[in-house]
1. Which one of Gly156, Tyr42, Cys122 is farthest out on the positive end of the charge dipole of the chain, using unit charges on Cβ (Lys, Arg +1; Asp, Glu -1) and the Cα centre as origin?
2. Which trypsin sites (Lys or Arg not before Pro) in the stretch 38-111 sit in a loop by DSSP (not H, G, I, E or B) and have at most 10 other Cβ atoms within 10 Å of their own Cβ?
3. Taking 2.2 N^0.38 Å as the expected size of a compact globular protein, what ratio does the Cα radius of gyration of the stretch 1-77 give against it, to two decimals?
4. Need one number: nm distance between label points at Leu46 and Arg71, each 7 Å from Cα along Cα→Cβ, rounded to one decimal.
5. Stokes-Einstein at 25 °C, 0.890 mPa s, Kirkwood radius from Cα pairs: D for the stretch 81-138 in µm² s⁻¹?
6. Thinking of the stretch 133-179 as a set of Cα atoms, what percent of all their pairs are more than 13 Å apart?
7. How many nm is it between the label spots at Arg54 and Glu170, if each spot is 7 Å from the Cα in line with the beta carbon?
8. For the chain, which longest stretch is free of loop sites, where a loop site is one of the GluC sites (Glu not before Pro) that DSSP puts outside H, G, I, E and B and that has at most 15 other Cβ atoms within 10 Å?
Amino acid sequence: MDTQTGLILVEADFAYAHAYADMANEYLQHESEIEPHEAKTYRHALEDINAHIRLLRDHSRGEGLSKGMVRQTTYWLIDDDRILGTSRLRHELTPPLRYEGGHIGYGIRPSCRGRGYGNVICQLTLDRARRIGMKQVLLTCKDTNIASMRIIESNGGVLENKVISRETGELMRRYWIAL
């Protein structure tokens, strides 16, 4: 729990299935603002929310991973049974993840952006990385994403370099955070 805000970070859980479906619907209403793979994920979730949560939990244990995937734990930032955002903590990196994906990815639902929740979810996910013994983590963001740059830098991110995304052709920033 974040003692200043009362927010909690929980691993993906069936108890919050309705709240996750609500968030997925909101993201899909703003589909033009999210990456195509995110839209696909949220559509899959809405087709069978329990199967989706089961898959997220399997991935946390390193089970059912597709080729090229690594063990990753999905967390939800919760406030009064409402999911404000999600984060993913990858326990290791493949060469493509090392290049532009990183250990941690996070996002805040559209209606909750600009309120500091991105910083909270980043802090709490970094705490989870520390708990599992990680010594440093890589976070990446688009060079145009000022909000993510500020969040990463305020959490100790040190810019290593900028690279061109192999997926999108966009300029990406690569930051390391010592834990």
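Just so you know, all these numbers are worked out from the coordinates, no wet-lab data involved. Note that the coordinates shown come from a computational prediction; the quantities given were computed from them, not determined experimentally. No Cβ is skipped: glycine too gets one built from the backbone with ideal geometry, and neighbour counts run over all protein chains shown.
1. In the chain, that residue is Gly156.
2. Arg61, Lys67
3. Taking the Cα Rg and dividing by 2.2 N^0.38 Å, one obtains 1.17.
4. Taking the simple label geometry, Leu46 and Arg71 are separated by 3.4 nm.
5. 200 µm²/s
6. Summing the P(r) of the stretch 133-179 above 13 Å gives 52 percent of all pairs.
7. A separation of 3.4 nm, rounded to one decimal place.
8. Free of exposed loop sites, the longest segment is 93-166.
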